[in-house]
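The structure under discussion appears below in the form of C-alpha cells.
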Amino acid sequence: MKYTQGKYIIVGKSAIAKEIYSFEINCPEIAQIAVAGQFVHIRTGSFTLRRPISICGINKNKGTIRIVFEIRGEGTSEIARLNEGDLIDMLAPLGHGFTVNPDFKKVVLIGGGIGTPPMLTLAETYGEKAVAISGFRNSSAVILQEDFRKTGAETILCTDDGSAGIHGFVTQPFGELAGQGGIDAVYACGPMPMLKNIAALCKEKNIYCEISLEERMACGIGACLGCACRTVRNDEEYFAHVCKDGPVFNAEEVLW
C-alpha cells in the first residue's frame with residue numbers, strides 16, 4: 001500500500017450543513033495516486049490517535065483532494081477549527097478503494113448520512129451511467145445533492161422524516177430500481193443496518209455489490225486490530241482490517 005505523510009495546505013473550507021464541513025486540500029502527490037473509496041488519516045494537535053475521513057473528491061489536475069466530515073467528537077471538532085491557509089497533518093491515501101469498471105452501463109451509488117461523500121468521486125467517474133441515492137435524517141442534514149447533479153448522475157434524495165425528497169429509507173427507491181433490472185453494480189456506504197439490507201437485496205437480485213464499512217480506527221495501516229471485522233474468502237472465515245483490507249469490501253465477503 002503506497003501512502004505518504006505530511007502537512008498540507010487547506011486551500012478551501014466551507015460549512016455545508018450543521019456541523020458538517022468541506023475542506024479542499026493541496027496535496028499533489030496524494031491526489032495523483034488516490035482512488036475512490038480511500039480515506040485520509042488526520043492528526044490534530046492535542047490527540048495521539050488520528051481521525052479517519054473518507055475522500056470525497058480527487059482533482060489530479062489541480063493536485064487537490066476534498067474531504068467532507070461531520071463533527072462527532074473533540075477530535076473532529078478540532079479539525080473543524082482549521083481554516084483556509086492552515087496546514088493539516090495527513091497520512092494518505094489509505095485503504096482499499098472501490099472497483100471501477102468502464103464497461104459498466106448502469107451503476108447505483110447509495111450513501112447514508114455522512115456515508116454519502118465517498119459516493120461523489122464515483123459519480124464523477126461514471127457520470128450519466130450512475131444513479132445516486134442519498135439518505136439523511138432530515139432536510140437540515142442533506143449534503144452534496146447539487147454536486148451529484150453536476151456529475152450528470154440521476155439523483156434520488158430520501159429523508160427519514162419526509163422533510164425533503166422521498167419519505168423513507170434508501171432501500172425503497174433502490175428496491176424499485178433493482179426490480180427493473182439492468183444494474184451492473186451497486187456501491188454503498190453508510191450505517192451498518194443500511195448496508196446489510198442493501199447487500200441482502202443485491203444477493204437476492206444477483207447484483208454485484210461493494211460496500212464501504214465505517215469503523216473506529218487506530219493505526220490506519222493494518223498494524224493493530226482496532227478495526228477488525230469478520231469476513232469470508234474462499235469459504236474460510238477470517239478477520240480483516242477495515243483500514244487496510246477495506247474500507248471497501250465485496251458485500252458477499254462480509255459476515256453480518
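The values are calculated or read from the model by the stated rules, or taken from the named source; none is laboratory data. On a predicted model such as this, the values are computed, not experimentally measured, just so you know. Cβ atoms come from the backbone with ideal geometry, glycine included; neighbour counts cover every protein chain shown. Surface areas here come from the heavy atoms of the whole protein model, side chains and all, with no ligands, DNA or RNA. Shrake-Rupley method; radii C 1.70, N 1.55, O 1.52, S 1.80 Å.
Cβ-Cβ contacts under 6 Å between residues 6 or more apart (or on different chains), taken from a first residue in region 58-75 that is under 18 Å from Phe98 (Cβ atoms) to a second residue that is among the β-branched types (Val, Ile, Thr) and surrounded by fewer than 21 Cβ atoms within 10 Å (Cβ to Cβ), are absent.
Applying the set (1) open to solvent by 70 Å² or more (accessible area, probe 1.4 Å); (2) within 25 Å of Ala141 (Cβ to Cβ); (3) not acidic (Asp, Glu) to Ile58 leaves exactly one unmet item: (1). Mind listing just one residue for me: the one in region 43-63 that is over 23 Å from Tyr187 (Cα atoms) and in contact with a helix residue (DSSP H, G or I) (Cβ under 6 Å, 6 or more places away or on another chain) and, of those, modelled with the highest pLDDT? Top of the filtered list is Gly63. With respect to (1) farther than 26 Å from Ser139 by Cα; (2) surrounded by 17 or more Cβ atoms within 10 Å (Cβ to Cβ); (3) among the charged types (D, E, K, R), the lone exception for Glu70 is condition (1).
Gly75 - would you say it is modelled with pLDDT under 95, under 17 Å from Val40 (Cα atoms) and surrounded by 20 or more Cβ atoms within 10 Å (Cβ to Cβ)? Full working, then the answer.
Values: modelled with pLDDT under 95: yes; under 17 Å from Val40 (Cα atoms): yes; surrounded by 20 or more Cβ atoms within 10 Å (Cβ to Cβ): no.
For Gly75, the condition - modelled with pLDDT under 95, under 17 Å from Val40 (Cα atoms) and surrounded by 20 or more Cβ atoms within 10 Å (Cβ to Cβ) - is not met.
In region 97-137, of all residues being hydroxyl-bearing (Ser, Thr, Tyr) and not in a helix (DSSP H, G or I), the one that is surrounded by the fewest Cβ atoms within 10 Å (Cβ to Cβ) corresponds to Thr99. Does Asn26 fit the bill of being farther than 17 Å from Asp147 by Cβ and in contact with a strand residue (DSSP E or B) (Cβ under 7 Å, 6 or more places away or on another chain)? Considered against the rule, which asks whether it is farther than 17 Å from Asp147 by Cβ and in contact with a strand residue (DSSP E or B) (Cβ under 7 Å, 6 or more places away or on another chain), Asn26 comes out as yes.
If you go through region 79-96 and keep only what is modelled with pLDDT of 95 or more, open to solvent by less than 40 Å² (accessible area, probe 1.4 Å) and not in a strand (DSSP E or B), you end up with Ile79, Ala80.
Name the single residue, out of those in region 177-214 being of a type in the set (Asp, Glu) and under 14 Å from Val107 (Cα atoms), that is surrounded by the most Cβ atoms within 10 Å (Cβ to Cβ). Explain how you work it out, then say what you get.
Residues of region 177-214 of a type in the set (Asp, Glu): 184, 204, 210, 214.
With under 14 Å from Val107 (Cα atoms) added as a condition, the list becomes 184, 210.
Numbers: Asp184: 15, Glu210: 23.
The qualifying residue surrounded by the most Cβ atoms within 10 Å (Cβ to Cβ) is Glu210.
Please verify whether region 37-50 includes one or more residues that are part of a helix (DSSP H, G or I) and not aromatic (Phe, Trp, Tyr). The answer is no, given that none of the residues of region 37-50 is part of a helix (DSSP H, G or I) and not aromatic (Phe, Trp, Tyr). The residue that is nearest to Ala17 (Cα to Cα), among those in region 147-164 that are under 17 Å from the mean Cα position of the chain (by Cα) and outside any strand (DSSP E or B), is Asp147.
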